[in-house]
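This report refers to the structure that appears directly beneath it.
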Amino acid sequence: MSSLLEIRNLFKSYDRGPVLKGISLNVESGRIVGVVGPNGCGKTTMFKIIAGLIGDYQGTVLIDGNPPGVKSKEIISFLPEKTYLDEGIKAGTAISMFADFYKDFDRQKALEMLKRFNLEPGMKLKSMSKGMQEKLQLILVMSRAAKLYILDEPLSGIDPAARDNILDIILNNYSENSTVMLSTHLIHDVERIFDDIIMIGNGTLLVAESADALRERTGKSLDQYFREVFRC
Amino acid sequence: MFDVKYDSGVPIYLQIIHLIRQKIVSGEWAPGSRVPGVRDLAIEFGVNPNTMQKALSELEREGLLYSERTAGRFITENTGIIDAARERLAGQVLAEFIKQMAQMGFTRERTIKLVESAFENHAGLSKREENS
């Protein structure tokens, strides 16, 4: 069986130097995958390459057999670290925009989730708290019937109580036929939902295995192991 | 939310197996009753559906649960299997207890005496024991 995502010898440099130094990994369908590593380790760069936002890299990246491009973008739903929505936009308008733009967008589902998480279609982005903004954007991204969801730091800046909401949105919406890749530095709060864990340090792959296999092998939680590996 | 210690080094599917075993042994999940769907259980436990699936499959292998192709998953009606699981759990609790008592320096005789007097001091506890 071919993997949903296949990366071989991925290299990427910026002017300041190399960011990804030869990453190779496979991600299967139907998984929730945690991508962890210290700030600046290359997580966001890797996500942007997979999502087709960075074109000049070396190596092979295949999403469902296709390199990043028009075909792959149809099956990838990407939540960037920084918002691209205009701060004056209303929640309802953003939903309409996504419904127009993506043919796999489920407007009904988005509106139901909006209600469930106590957001009103008439609310403007700028009048929302950071947590509400993050919820809205996650609702938009998860309301697509994508094969690969890429969520870059969906929990940063969100208070602990609302983090469970965010995890609920993810658990409720991902299906057996799709995979969620989620980066975070708050491993402790999310490790319970990971099937697999990918650890990146300084542009190289340190760990790529099942979360429970890592617990069994090390006798540590992912969070404890992470702290040990990246102790400063 | 169930009491799974997500921050421990014990694989989450093993923790879930343990919790569900306790529910079956205690009768909270009654013999013959239907088990909720994988997705619902996953959300209830706050874990990934694949992890929940793995735990349920393991419990099926143990014979505590069984699947019927169309009707879903059920708790076994075979009380022999449940009794055996109960005794295994009790064995684990006792082994841990004996280990800790020994670490504190208690002999076997002293430990048994302490257990007996603890039962006498906790009338409620011994009453429950007689009823079961």
- Query: Residues A:LEU114, A:LEU136, A:LEU205: which one is closer than 24 Å to A:GLU28 by Cβ and more than 13 Å from chain B (Cβ to nearest Cβ)?
  - Reply: A:LEU205
- Message: For segment A:170-202, give me each residue that is in a helix (DSSP H, G or I) and within 8 Å of another protein chain (Cβ to nearest Cβ).
- Response: A:LEU171, A:ASN172, A:HIS188, A:GLU191, A:ARG192, A:ILE193
- Query: Just a yes or no: is a residue in segment B:15-28 away from chain A (no Cβ under 14 Å), over 24 Å from A:SER221 (Cα atoms), among the β-branched types (Val, Ile, Thr) and free of Cβ contacts under 8 Å to residues at least 60 places away in the same chain?
  - Reply: no
- Query: Is one or more of the residues making up segment B:58-66 free of Cβ contacts under 8 Å to residues at least 60 places away in the same chain, within 14 Å of chain A (Cβ to nearest Cβ), on the phi < 0 side of the Ramachandran plot and surrounded by 14 or more Cβ atoms within 10 Å (Cβ to Cβ)?
  - Reply: yes
- Message: With the structure loaded, tell me whether B:ASP40 is part of a helix (DSSP H, G or I) and within 14 Å of chain A (Cβ to nearest Cβ) or whether it fails that test.
- Response: yes
- Task: Identify the single condition in (1) within 17 Å of the chain's Cα centre (by Cα); (2) buried (at least 17 other Cβ atoms within 10 Å of the Cβ); (3) farther than 22 Å from A:GLY219 by Cβ that B:LEU94 does not satisfy, given that it satisfies every other one.
- Result: (2)
- Looking for whichever is touching a helix residue (DSSP H, G or I) at 6+ places or on another chain (Cβ under 7 Å) and either over 28 Å from A:TYR225 (Cβ atoms) or within 14 Å of another protein chain (Cβ to nearest Cβ) (or both) here; the options are B:VAL115, B:VAL47. Which one fits? B:VAL47
- Task: Select from segment A:98-146 the residues that are crowded, with 21+ Cβ neighbours inside 10 Å and charged (D, E, K, R) and write down the one among them that is nearest to A:LYS82 (Cα to Cα).
- Result: A:GLU134
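Looking at segment A:208-232 only, could you name the residues that are outside any helix (DSSP H, G or I) and at the interface with another protein chain (Cβ under 7 Å from one of its Cβ atoms)?
If the condition is that a residue be outside any helix (DSSP H, G or I) and at the interface with another protein chain (Cβ under 7 Å from one of its Cβ atoms), then A:GLY219, A:LYS220, A:SER221 are the ones that fit.
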- Task: Kindly provide the set of residues from segment A:22-46 that are surrounded by 18 or more Cβ atoms within 10 Å (Cβ to Cβ) and either closer than 10 Å to A:MET199 by Cα or more than 14 Å from every other protein chain (Cβ to nearest Cβ) (or both), ordered by number.
- Result: A:ILE23, A:LEU25, A:GLY34, A:VAL35, A:VAL36, A:GLY37, A:CYS41, A:GLY42, A:LYS43, A:THR44, A:THR45, A:MET46
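Readers should treat all values here as calculations from the given coordinates under stated rules, not as data from a laboratory. In this text, all values refer to a predicted model and were calculated from it rather than measured experimentally. Cβ atoms come from the backbone with ideal geometry, glycine included; neighbour counts cover every protein chain shown.
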